[in-house]
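Participant: Quick one: the structure is below, questions incoming.
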Amino acid sequence: MRVSRQALLDGLRAFAVAARALSFKAAADALFLTPSAVSHRIRDLEKHLGDRVFVRRTRSIELTDTGKALLTEIEPLLASLDAVVERATRRSVRRMLRIVAPPFFASELLQPSLPSLYGLQPRLYLNLATGNPHPAEHTAAADVSIIIGAEPPAGLAATRLFAPRFVAATARPLALVAKEQGRRVFERQRRIVCRPREALWTRWFAMTGYAEGGARGSFEVDQLPAAVNAADRGLGIALVPTFVCERGLRGGRLMRISEAEIEPGDAYYVVCRPEDRVRPEVRSFLSWAISELRR
């Protein structure tokens, strides 16, 4: 009697487990089947072989010579099959990648580009942390970090992405008025100051020749996203990085009041530990970041 391939494989698996334990009940427990289901699968196997593989006694079973020979031959084959399934399972498991990035970099540059990363790694499980507005170190909890610094950090695998450039910009209606007011615009318009980057305004005034004015005062915030948001709402003029405002500037929400661009002297780096660089998900992310995030 010939049985289907699936029935034959089921019978061989049931036979191997029962043969190791010399018990249909133990095999049933291991395979999450009933003892009668195990017995039925083995009977189909015996019909296919044309010979018995077990001698069935009242309270026990024993291997026949045919059963002993069969077990010797199929044990390494089943072990090899188990190894193949295990490797396939590991390949299909989602890969976790933990990334730390500055919040504005993440929202304006990293996240809009993620569809192309998921196209390369569709099963990637991404954990993105953006709590630090100016990360300078690669934390132990991260696999990859986007950090800001004047130099690449020592002891890490680091690639320079770009140096940010800042421009004076505000909401479009206010910018049109500001351009009419020329270099004395700050006598009438409020200056928005991001305290961690406050020194940039001094350099910007020195570079452009605009008068600092000050009659309208200033609006100070502690983080860059707040400065950009305030400028977008027409609360004044802010120094904003071109990379985080690309969409706003192109879409007309934000508008420069001057073509001058100023660099703060630091740069964005993508970094990881040297031993992590060989991991497929890290290696793929680094290659993607260099291609998609460099400016």
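Every number here is computed from the coordinates shown, using simple stated rules; none is lab data. From a predicted model like this one, the values you see are computed outputs, not experimental measurements. With ideal geometry, Cβ positions are generated from the backbone for all residues, glycine too; neighbour counts draw on all protein chains shown.
Participant: Given the criterion within 30 Å of L235 (Cα to Cα) and either of a type in the set (V, I, T) or assigned to a strand (DSSP E or B) (or both), identify the matching residue among A175, A168.
Facilitator: Details: A175 fails: either of a type in the set (V, I, T) or assigned to a strand (DSSP E or B) (or both).
So the residue among A175, A168 that is within 30 Å of L235 (Cα to Cα) and either of a type in the set (V, I, T) or assigned to a strand (DSSP E or B) (or both) is A168.
Participant: Which one of these is among the β-branched types (V, I, T) and assigned to a loop (DSSP other than H, G, I, E, B): T66, T58?
Facilitator: Numbers: T66 fails: assigned to a loop (DSSP other than H, G, I, E, B).
Testing whether each residue is among the β-branched types (V, I, T) and assigned to a loop (DSSP other than H, G, I, E, B) leaves just T58.
Participant: What's the number of the condition A154 fails, among (1) more than 23 Å from the chain's Cα centre (by Cα); (2) in contact (Cβ under 8 Å) with a residue 60 or more places away in the chain; (3) outside any helix (DSSP H, G or I)?
Facilitator: Only one criterion is unmet by A154, namely (2).
Participant: Within region 36-62, which residues are in contact with a strand residue (DSSP E or B) (Cβ under 9 Å, 6 or more places away or on another chain) and either more than 19 Å from D10 (Cβ to Cβ) or charged (D, E, K, R) (or both)?
Facilitator: From region 36-62, those in contact with a strand residue (DSSP E or B) (Cβ under 9 Å, 6 or more places away or on another chain) are 39, 42, 46, 53-56, 61-62; that's our starting set.
Correct list: E46, V55, R56, E62.
Participant: Can you spot a residue in region 109-122 that is within 30 Å of G236 (Cα to Cα), among the hydrophobic types (A, V, I, L, M, F, W, C) and under 19 Å from the mean Cα position of the chain (by Cα)?
Facilitator: There is at least one residue in region 109-122 that is within 30 Å of G236 (Cα to Cα), among the hydrophobic types (A, V, I, L, M, F, W, C) and under 19 Å from the mean Cα position of the chain (by Cα).
Participant: Right, next: Enumerate the pairs (first residue in region 181-200 and within 11 Å of V221 (Cβ to Cβ); second residue anywhere and polar (S, T, N, Q) and crowded, with 21+ Cβ neighbours inside 10 Å) with beta-carbon separation below 9 Å, excluding pairs fewer than 6 apart on the same chain, so at least 6 apart or on different chains.
Facilitator: Every condition considered, the pairs that remain are I192/T170.
Participant: What are the pairs with Cβ atoms under 9 angstrom where one residue, in region 25-38, is buried (at least 16 other Cβ atoms within 10 Å of the Cβ) and the other, located anywhere, is outside any helix (DSSP H, G or I)? Sequence gap at least six, or different chains.
Facilitator: Note: pairs meeting the criteria are A27/L33; A28/T34.
Participant: Right, here's the next one. Applying the selection to region 4-37, what residues are closer than 20 Å to L81 by Cα and among the β-branched types (V, I, T)?
Facilitator: Answer for region 4-37, where residues must be closer than 20 Å to L81 by Cα and among the β-branched types (V, I, T): just V17.
Participant: If R191 passes every condition in (1) surrounded by 21 or more Cβ atoms within 10 Å (Cβ to Cβ); (2) within 24 Å of L293 (Cβ to Cβ) but one, which one does it miss?
Facilitator: (2)
Participant: Exactly one of these conditions fails for S80: (1) closer than 29 Å to Q223 by Cβ; (2) loosely packed, with under 13 Cβ neighbours inside 10 Å; (3) small (G, A, S). Give me its number.
Facilitator: So S80 meets the others, but not (1).
Participant: Something else about it: Tell me which residues, restricted to region 1-24, are buried (at least 18 other Cβ atoms within 10 Å of the Cβ) and at positive phi.
Facilitator: Matches in region 1-24: none.
Participant: If I filter region 93-114 for residues that are more than 21 Å from E275 (Cα to Cα) and touching a Lys or Arg at 6+ places or on another chain (Cβ under 6 Å), do I get at least one hit?
Facilitator: So in region 93-114, the residues more than 21 Å from E275 (Cα to Cα) come out as 93, 102-114.
Restricting the remaining residues to those that are touching a Lys or Arg at 6+ places or on another chain (Cβ under 6 Å) gives none.
There is no residue in region 93-114 that is more than 21 Å from E275 (Cα to Cα) and touching a Lys or Arg at 6+ places or on another chain (Cβ under 6 Å).
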